[in-house]
Amino acid sequence: MKASDKVILNTGILYGRMLITVGISLYSTRLILNALGSTDFGIFNLVAGVIAMLSFLNNAMATSTQRFLSFYQGKNDLSAQRKVFSNSLLLHILIGIVIVGCLEIAGKFLFEDFLNIPATRMESAKTVYHFMSLSVFFTIVTVPFTGSLVANENMLWVAVVSIIEVIFKLLIAISLTAVSTDRLIFYGILMAAVNAMNLFLYAAFCFKKYDQCTIVGIFKPDLSFCKELLSFTGWNLFGAVCGLARTQGLAVIFNLFFGAVVNAAYGIANQVASQLTFFSSTLLRAINPQIMKSEGAGQRERMLRLAMTASKFGFFLVAVVSIPCIFEMNAILNVWLDDVPANTVVFCQLILVGALVNQLTIGVQSAIQATGKIKFYQMITGTIILLNLPITYILLAVGKSAYIGLVSYTVIELAACSSRLYFLKHLAGMSIAEYSKRVFARELIPVSTIITSCYLITTLIDIPNRFILTSAVSGILFIVSLYFTGLEREEKGLLTNLLKKIPKIKKIAVIS
């Protein structure tokens, strides 16, 4: 299958998985809440939430494994791919053991001095905590296998396992009503078992399907290669921590100056932004392996072109939804929420502007990862992102309104985008003039079209549920404008050919 066909098919698979898993997960949550009751459900989420804070670590490690596998696939170097996998698997097993040990030690202090849990449920909560720690181990060891699947652009098996997972979680939710023992412990044990099942399904498939997935040499690690993997993972982790610190740090600063009500508005704004940027992140996940493989194959021009395409289409996917939402945010929030906290509308609008700015260079981030030279990039860009915290604190300390924190958020994002462009030019020789021509210039007319149409509709028309009209009309005009002014000639040809191929592509499974 051609690379372009794989990208489209994998994107479709990921979107399909999302639709299925989100629906089942929402229904399962309702059943679990009813079966456990609000107290036990709250305890489980509290305990699981403490451990879920480690999820950013998993993402950083997964990116590292996938990058090295894709890079050496581009070089057609099977020996190096096997070395990457075996060393990565060993490192993840060791990291998993260390983290579980740290969690168990931390658990003693959490339950004795920190967490507020009813005394009658304390022992059950501790038992659940132990099984959640075990779940973390299974999840961490799964990373090399999911990295292999992404590197091989096999999103089908990822989707299959995800669907199997949510189905089992639904069955667990249903079974809770028939259990006479402690339901919280029963639920915690089975949730750990689901993660163990995921590890088995991923491992069994990868060992059977891919030659690079082997345990040969796992007990004779290449120390220099392990050091390279750890270094790459460590700097990825630094970048992830900076992003997390910015998000959570702003929440703390808002709380210091304005209390919990502003935190509610900020939390809702973050939820809105994460949902609306999902489509862009899904596209990026599908195209990332091609960016890495192109660099590994020495096709840097293709790598840079793919990065530009990812940035442009990532921006378009977010813009077509978020810009109408910015104009109609008040109406949308009133439909979604019974009681809209103060500042929520302006917070949501500003954080979506910041998200749009981030999308301007979303593909550049992947291209820099592909070069493998990320130390100074993560150091400088991560530090720029963290500047949001002292700047916001100072502005609020001199009496500015709460929303100024998210204005500075957008300005900082612009600075971070500039940093990414500088580093890609320095590391890979990308022409900023060409990037501006192929990405920024192509975005101007479609964005102007959707902003103008949204402004005119919201200014001239006042009807119930107007946001539906705003989204539909502006979306259609945006897509038409995008086709005629946002796409280059070869991209139009690719789109036309793609529409012709869709019936054929649907019949093909990604098994390579």
What is the magnitude of the charge dipole of the stretch 356-477 about its Cα centre, with +1 placed on the Cβ of each Lys and Arg, -1 on the Cβ of each Asp and Glu, and no other charges, expressed in debye to the nearest 20? 360 debye
Taking each pair of different alpha-carbon atoms in the stretch 190-248 once, compute 1/r for the pair, average those values, and report the inverse of that mean as the Kirkwood hydrodynamic radius in Å to one decimal. 14.7 Å
Given the peptides 392-405, 457-470, 281-294, arrange them by the average over their residues of other C-beta atoms within 10 Å, most packed first. 281-294, 392-405, 457-470
Using the heavy atoms of the protein chains and a 1.4 angstrom probe, tell me the accessible area per residue for the chain in square angstrom. 46 Å²
What are the aspartates and glutamates whose alpha-carbon lies under 17 Å from the alpha-carbon of LYS437, with same-chain residues fewer than 8 places away excluded? GLU301, GLU488, GLU490, GLU491
Let a ≥ b ≥ c be the square roots of the eigenvalues of the Cα gyration tensor of the stretch 380-443; is it rounded (a/c under 1.5), or, if not, prolate (a/b larger than b/c) or oblate? oblate
As a quick test, which of the pairs LYS169/LYS209; LYS227/LYS375; LYS108/LYS169 have an alpha carbon distance above 21 angstrom in this structure? LYS169/LYS209; LYS108/LYS169
If each DSSP helix of 4+ residues adds -39,500 (n - 2.57) and the sum is divided by the residues in the chain, what number results at 222 nm, nearest 500 deg cm²/dmol? -28500 deg cm²/dmol
Take HIS426, HIS130, HIS92 and sort them by solvent-accessible surface of the protein heavy atoms, 1.4 Å probe, largest at the top. HIS426, HIS130, HIS92
What number, in percent, do you get for the relative contact order of the chain if the mean sequence gap of Cα pairs under 8 Å and at least 6 apart is divided by its residue count? 19 percent
What the Cα atoms of the stretch 340-431 span along the principal axes, largest first and in whole Å, is 45, 24, 18
Protein chains only, probe 1.4 Å: how do MET191, MET61 rank by accessible area, largest first? MET191, MET61
Kirkwood-based Rg over Rh for the stretch 318-376 (C-alpha set), two decimals? 1.20
What are the extents of the Cα atoms of the stretch 359-482 along their three principal axes, listed from largest to smallest and rounded to whole Å? 53, 42, 20
Arrange the residues ILE451, ILE163, ILE253 by how much accessible surface each exposes, largest first, with a 1.4 angstrom probe. ILE451, ILE163, ILE253
Membrane-span-like helices (DSSP H runs, Cα span along own axis at least 27 Å, mean Kyte-Doolittle at least -1.0) in the chain -> 3-52, 55-74, 78-109, 122-151, 155-175, 183-209, 223-258, 278-296, 300-327, 404-428, 441-460
Regarding the stretch 250-380, what are the three Cα extents along the principal axes, ordered largest first, in Å? 55, 31, 17
If a/c stays under 1.5 just call it rounded; otherwise compare a/b with b/c (prolate if a/b is bigger, oblate if not). Do that for the chain, with a ≥ b ≥ c from the square roots of the Cα gyration tensor eigenvalues. rounded
Calculate the length of the line joining the C-alpha centroid of the stretch 284-325 to that of the stretch 403-433, in whole Å. 16 Å
What do you get for Rg/Rh of the stretch 88-197 when both radii come from the Cα atoms and Rh is the Kirkwood radius? 1.04
From the C-alpha gyration tensor of the stretch 176-284, square roots of 5λ in Å: 36, 28, 16
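The values are calculated or read from the model by the stated rules, or taken from the named source; none is laboratory data. Worth saying up front: this structure is predicted, and the values here are computed from it rather than measured. A quick note on method: Cβ atoms are made from the backbone with ideal geometry, for glycine too, and the neighbour counts reach across all protein chains shown. Ligands, DNA and RNA are stripped out before the accessible areas are found, and what is left, the full protein with its side chains, is counted by its heavy atoms. Shrake-Rupley method; radii C 1.70, N 1.55, O 1.52, S 1.80 Å.
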